[in-house]
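Colleague: Provided herewith is a single structure, encoded as structure tokens, for subsequent inquiry.
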Amino acid sequence: MSIKNTLRESKREIKPGSRPLIHANMLNQQGKTDMALLLLVLSLFACKKVGSLNNGLALTPPMGWLAWERFRCEVDCDEDPYNCISESLFMDMADVLVSDGYKDAGYTYVNVDDCYMEKNRDSQGRLVADHNRFPSGMEKLGKYLHSKGLKYGMYESVGDKTCMNYPGSWQHISKDVRSFTSWKIDMFKFDGCFTEHWKLDKAYPEMGQALNKTGRPILYSCSWPYYFFAAGMPFNYTQLPHYCNMWRMYHDIDDTWNSISAIIKFYGDNQDLLASLAGPGHWNDPDMLIIGNYGLSYEQSKAQMAMWAVFAAPLFMSTDLRDIKPELRNILLNREVIAVNQDPLGTQGRKVLSRGGIEVWLRPIIPRGSSAVVFLNMRVDGTPVKFTTSLRDIGLTKRQGYHVREIFHEHDYGFMHPGDVFECRINPTGVVMITARLQSP
Ligand SMILES: *[C@@H]1O[C@H](CO)[C@@H](O)[C@H](O)[C@H]1NC(C)=O
Ligand SMILES: *[C@@H]1O[C@H](CO)[C@@H](O)[C@H](O)[C@H]1NC(C)=O
């Protein structure tokens, strides 16, 4: 979320095609060997000791609902009372999260994004909720969410202005954190539009420290690396787990399959670095789930859910849960795919094979030695593709064999050994997802 459309357009001009390696600029004009060496060093460093901010949060990827992708900055509640950014929108979503089973499935955060404020701070310099759209105030909204057993996510931005031109937190960090504490927030997303990069480097750690000092556990979501990536500037990714529970590295998601396939490509192109950063307490964030909106087919919706599970990604739905097709709701609530996303090992998956437009992605899960595997069809030529492989060829090599189960069709393949052949048909821009579990000892 975060970037307003205009700014995002200009950023896309800087990086057309949106596929550069995130570390490319750290290396400038050096050759491939140097790049590989640096990646190795970075991942060795990160594997050896990934420090973290120790707030005890996000031990598995956080889950919830976030307003931005679907509801953006609609502030005209006279024209569009049902969809405008207002306390009733968040209360509606909270109600549905509880009544329709999302909360029970793990989606507990309800996150306010940009555009909740008045355009000016009050006479004492404090942030003020928009009087018309949040007449009860931000503290009351938090009380409502907490009364439903949900958690409260809040938003601000590093610069003088937020991405949509509301008051930003620059030179107001301690004051704003006092407001957030009085509102009893549980999560905080810090955006970074319109800001010099030295200010980002200063403000992200400073905000983290201010949040820590409140004594209240507040999950901290950073957009810090994204703004370096977007500007083509070097960034020290290994510092992220020390400061943030999750972070955005890549462009905002929007409501298209193109957007999702660009994110998947970015993960594949940078998987050594990205996978080395992820783990309990600290996650890469590929941005929101857009399932239930206008741009994805049923197959593509399953594909996003499956890939976000393999990515060990935070799962923040941004859709109108009051009005979602049952088959899409079932994807969001699929217990088996959520279990892969929430797997306690916290290991991010990797692309292990790519053949004829089919990508095979594998994520280690419990019991140790087991895997979730996604067969992803990136082809768009309209017909299901038959894919045949031995388990061994996709990295499932344990001699004692696996119990193989297909997730979305709830089909058991039964017991399979590494030499056995696995065959499936994968729909265009769709997935087949399996778990291959070793028997627990
Ligand atoms: C603040 O940081 C310290 C040191 O990392 C940590 O032990 C503590 O749990 C943190 N407190 C909160 C509320 O995040
Ligand atoms: C990157 O950050 C880590 C962790 O804060 C630090 O130890 C390391 O020295 C930094 N690397 C560079 C190249 O600045």
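Please treat every number below as a calculation from the coordinates, not as lab data. Since the model is a prediction, treat every value here as computed from it, not as a measurement. When we count neighbours, we look across all protein chains shown, and the Cβ atoms used for this are built from the backbone with ideal geometry, even at glycine.
Colleague: Cα axis of helix 5-14 to longest principal axis of the chain: angle in degrees, 0 to 90, nearest 10?
Modeller: 50
Colleague: In the chain, once you exclude exposed trypsin sites (Lys or Arg not before Pro) (DSSP loop, at most 11 other Cβ within 10 angstrom), what's the longest stretch remaining?
Modeller: 120-367
Colleague: Now for a separate question. Give the share of C-alpha pairs in each 20 angstrom bin for the chain, from 0 to the last occupied bin, in whole percents, shortest bins first.
Modeller: 26, 58, 16, 0
Colleague: Follow-up question, since we're still on this one. Using DSSP to call loops (not H, G, I, E or B), can you name the chymotrypsin sites (Phe, Trp or Tyr not before Pro) in the range 286-335 whose Cβ has at most 10 other Cβ atoms within 10 angstrom?
Modeller: Numbers: sites: Tyr294, Tyr298, Trp308, Phe311, Phe316; in loops: Tyr294, Phe311.
Loop-located and lightly packed - Tyr294.
Colleague: Report, in whole Å, the centroid distance computed from the Cα atoms of the range 130-148 and the range 180-216.
Modeller: Here the answer is 21 Å between Cα centres.
Colleague: Give the percent of DSSP beta bridges with both residues in the range 3-341 that are antiparallel, rounded to the nearest 5.
Modeller: Here the antiparallel bridges make up roughly 10 percent for the range 3-341.
Colleague: Working from Cα positions, state the angle (0 to 90°, nearest 10) between the long axis of helix 138-147 and the longest principal axis of the chain.
Modeller: Tilt relative to the chain: about 40 degrees.
Colleague: Quick check: Cα centre of the range 340-398 to Cα centre of the range 60-119, how many Å?
Modeller: The two parts, judged by their Cα centres, are 33 Å apart.
Colleague: On a 23 Å Cα-Cα criterion, which of the cross-link pairs Lys189/Lys351; Lys175/Lys199; Lys119/Lys140; Lys143/Lys199 come out too long?
Modeller: Exceeds cut-off: Lys189/Lys351; Lys143/Lys199.
Colleague: Next question. For the chain, set up a Gaussian network in which alpha carbons nearer than 10 Å are linked by springs, and say which option among Asp252, Asp272, Asp78 fluctuates the most.
Modeller: Comparing Asp252, Asp272, Asp78 in the GNM, the peak value goes to Asp78.
Colleague: Now for a different question. Among Leu141, Ser182, Pro344, whose Cα lies farthest out toward the positive end of the dipole of the chain, if unit charges sit on the beta carbon of Lys, Arg (+1) and Asp, Glu (-1)?
Modeller: Pro344
Colleague: Roughly how big is the chain's charge dipole about its Cα centre, with Cβ charges of +1 (Lys, Arg) and -1 (Asp, Glu), in debye to the nearest 20?
Modeller: Values: 49 positive and 49 negative charges, 305 e Å.
Here the chain has a charge dipole of around 1460 debye.
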